[in-house]
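Structure, as structure tokens:
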Amino acid sequence: MKSKRDRIPLSLYIHIPFCVKKCLYCDFLSANASNKQKQAYVDALLGEMDFWKETLRKQYSLKTVFIGGGTPTCLMPEQLLQIGAKLFTIWKPDKEIEFTMEANPGTITAGHIQVMKEIGVNRISLGLQSAQNEELAALGRIHTFEEFLQSYGRLRESGFRNINIDLMADIPGQTIESYRQTLKTVLALKPEHISSYSLIVEEGTPFYKMQEEGLLIIPDEDTDREMYALTKKLLQENGYTRYEISNYAREGRECLHNLTYWQMGEYLGIGLGAASYFSGYRFQNTRQMEAYQRQFGEFGKMKSVNSNGCQNQANSLEAVDCLKEGIIETEAFEKLGKREEMEEFVFLGLRMMEGISLSEYQNRFGVDFREQYSGVLESLLEKSLLAESRNHDRIYLTSRGIDVSNRVLAEFLLADNEI
Ligand code: SF4
């Protein structure tokens, strides 16, 4: 077993794939379900947590936990309690770690709040999207702004001091003025963190169909850029720092869990369709509910897995090997090559306003970034699409670079002979 000091920091994500009703733009893995179906899923989650238990205990120290979805508050409070209790049979963190739960207005009860406190949740991420009721209705959200206010007030009264509010730009019917009003309304509530993403019309959603039929009218690209600039201006004027393209926080309130993703730290996703970057592998759990429950559902059924050598995971390889060998079905499983790791480090890292550290690049990959990208880097710096920190260790996207970020990032794709 590794000593506490040598353990690898890990972020844990737990997916709850249930919602009261699908929003019209949503392509996340979530659906409505009966309480019986939800309990069967929770049983499978607990089974999967057991499956990873030994590996995690021996080699990892928990850095952050994030229960997301879907809508975690669609579960009964007792079901959330079961998840929290299992978590603490695996880890008892030495100190208070960031523990986020997503919640949707209209689904948060006093029972949920009590359980959140009991299991150690200390950060809430609330999906609001807009403060205008017509816009919420256009998105097919189940709640009104007034219901959001009620949930927010309850959470504050219960002592939650770290709350994120999710907003959305480019909603059908939204104007610069209505978006400005949403931002101002939310700023008046003084949340610790705000994120604002532009609507993306995803294939397979009702919005996609409406767009095909010419029935979806959304703000044009210029308006989108204006909303983006407005977000940055208003939020910065009110004491929020943009630390990622779409995320803003008060000092010290950046989301550590999401930073793990952007900094390419290790994370393990538990639950249906959950994605992981773990022990050098990138994988995704099956998206088929039936297969997921068959594999992890009743713990007794794990015997079929055990007989194949996955009973006592002495190290991370044994647990991961069950996925690698197909004993546990996955949606995708791959060992990232050096080239993919290098590219991802750059692509994900440049989403953050502080960008990437060239010395860290050297330490991780044994490669000099300036040499590797000599022509590209000079040209992007010259065009002011990238900038470098005073000590020349970090490079980051400028405002102009963010506007054309896809083009800039494409410059960092590596050919096989470049590594
Ligand atoms: S609440 Fe979130 S996850 Fe659920 S349907 Fe709406 S957008 Fe999708």
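No value in this document is a laboratory result; all are computed from the given coordinates. What you are looking at is a predicted structure, and each value in this text was computed from that prediction instead of being measured. No Cβ is skipped: glycine too gets one built from the backbone with ideal geometry, and neighbour counts run over all protein chains shown.
Expressed in nm to one decimal, what extension gain is obtained for the pair Leu189 and Lys58 from 0.36 nm per residue of sequence separation less their Cα-Cα distance?
Gain on stretching Leu189 to Lys58: 42.9 nm.
For the stretch 16-62, what does the alpha-carbon gyration tensor say about shape, rounded, prolate or oblate, given a ≥ b ≥ c as the root eigenvalues, a/c under 1.5 as rounded, and a/b over b/c as prolate?
Because a/c hits 1.5 or more and a/b fails to exceed b/c, the stretch 16-62 counts as oblate.
What is the calculated FRET efficiency for Gln181 to Arg370, with r their C-beta to C-beta distance and R₀ = 35 Å, to the nearest 0.05?
Working from the Cβ atoms, E equals 0.15.
Which order do peptides 59-67, 168-176 fall in by mean Cβ count within 10 Å, highest first?
Peptide ranking by packing, descending: 59-67, 168-176.
Extending each Cα 7 Å along its Cβ direction at Gln211 and Ala137, get the distance between those two points in nm, one decimal.
Once both label points are built, they end up 2.4 nm from each other.
Spin-label point model (7 Å from Cα, Cβ direction): what's the Arg154 to Arg250 distance in nm?
Result for the modelled spin labels: 2.3 nm.
Compute the Cα gyration tensor for the chain, then decide on rounded, prolate or oblate, letting a ≥ b ≥ c be the square roots of its eigenvalues: rounded whenever a/c is under 1.5, prolate when a/b is larger than b/c in the other cases, and oblate in all that remain.
Taking the square roots of the gyration eigenvalues as a ≥ b ≥ c, the chain is oblate.
Among Tyr197, Tyr261, rank each residue by its count of other Cβ atoms within 10 Å, from fewest to most, as a rough exposure measure.
The order, fewest Cβ neighbours first, is Tyr197, Tyr261.
Arrange Cys255, Cys322 by Cβ neighbour counts within 10 Å, fewest through most, would you?
Exposure proxy ranking, most exposed first: Cys322, Cys255.
Mind checking the full-extension length gain between Lys2 and Lys92? Use 0.36 nm per residue of separation minus the Cα-Cα distance, one decimal, nm.
Result for the pair: 30.8 nm of gain on full extension.
Beyond a 20 Å Cα-Cα separation, which of these cross-linked pairs lie in this structure: Lys38/Lys86; Lys21/Lys117; Lys58/Lys95?
Cα-Cα > 20 Å for Lys21/Lys117; rest within.
Residue by residue through the stretch 232-240, which ³J(HN,Hα) values in whole Hz follow from phi under the Karplus form 6.51 cos²θ - 1.76 cosθ + 1.60 (θ = phi - 60°), with glycine and proline marked x?
In residue order, the calculated couplings are 4, 5, 5, 6, 5, 4, 9, x, 9 Hz.
Is there a quick way to get the dipole size of the stretch 1-133? I mean about its Cα centre, with the Cβ of Lys and Arg at +1 and of Asp and Glu at -1; what is the value in debye to the nearest 20?
I would put it at about 340 debye.
Alpha carbon centre of the stretch 340-363 versus the stretch 209-261: separation in Å?
Answer, in whole Å: 22.
Which residues in the stretch 319-349 place their backbone N less than 18 Å from a point set 7 Å from the Cα of Gln288 along the Cα-to-Cβ direction?
323-333
Just from its helices, what would the mean residue ellipticity at 222 nm be for the chain, if runs of 4 or more DSSP H residues each count -39500 (n - 2.57) and the sum is divided by every residue, rounded to the nearest 500 deg cm²/dmol?
Dividing the helical sum by the residues of the chain leaves -12500 deg cm²/dmol.
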